[in-house]
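Structure first, then comments.
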Amino acid sequence: MPQEHTRAIPPKPEGEKRQPRQDAKSAPHIFFRRIDRSISRFIDPLGNLLVDMFHYGALFAIGAATVWAALQEFILIFEKSHATVEDLLLLFIYLEIGAMVGIYFRTNRMPVRFLVYVAITALTRLLIGEAGKHGVDHMDMMWIAISTLLLALALLILRFGSFRYPSPPSDHESKLK
């Protein structure tokens, strides 16, 4: 039979009262820990539900605004009865934003590369617009071209980093496959 190890408590001098032992297993501590756990069982799922509802609502709003803006651009193109390269690039921007929203909706990860694609397309659209103007400042066009080149280099670095150091799949991604 195993022996229990007990610590000998020295006797108190006469006249002193013995203080109750305060440790981690005292009754008030256990009571409050149980209350905390029971509240957490209710509050945590509610908080997660509210965050998910906001997340999906915001994604649907962004997606709907993108579709609405693209439809308005289509209507303007049909009213003009011709499309310029700037118009087509704007439609590509809407397409990239829609794809970014779709990827974020399915994986809960923000595809940063798509933001860079949008920026490159927007700068290209700006460059084409500047080139069509009369009396254009060539330094402005050079700065736009340099900015586009820097974004392309940043995209190359992002692609290399995601290839060389891939992120582990999330739980949400594994459920999609």
So G98 passes all but one of these: (1) touching a Ser or Thr at 6+ places or on another chain (Cβ under 9 Å); (2) of a type in the set (G, A, S); (3) modelled with pLDDT under 90. Which condition number does it fail? (3)
Of V51, V116, V101, the only residue that is surrounded by fewer than 17 Cβ atoms within 10 Å (Cβ to Cβ) and in a helix (DSSP H, G or I) is V51
Condition check for E73: surrounded by 14 or more Cβ atoms within 10 Å (Cβ to Cβ), of a type in the set (D, E) and farther than 28 Å from P166 by Cα: yes
Taking the condition loosely packed, with under 13 Cβ neighbours inside 10 Å and out of contact with any helix residue (DSSP H, G or I) (no Cβ under 7 Å at 6 or more places or on another chain), does L156 pass? yes
Would you confirm whether any residue within segment 162-177 is at pLDDT below 85 and basic (K, R)? yes
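The values are calculated or read from the model by the stated rules, or taken from the named source; none is laboratory data. On a predicted model such as this, the values are computed, not experimentally measured, just so you know. So basically every Cβ, Gly included, is an ideal-geometry build from the backbone, and we count neighbours across all protein chains shown.
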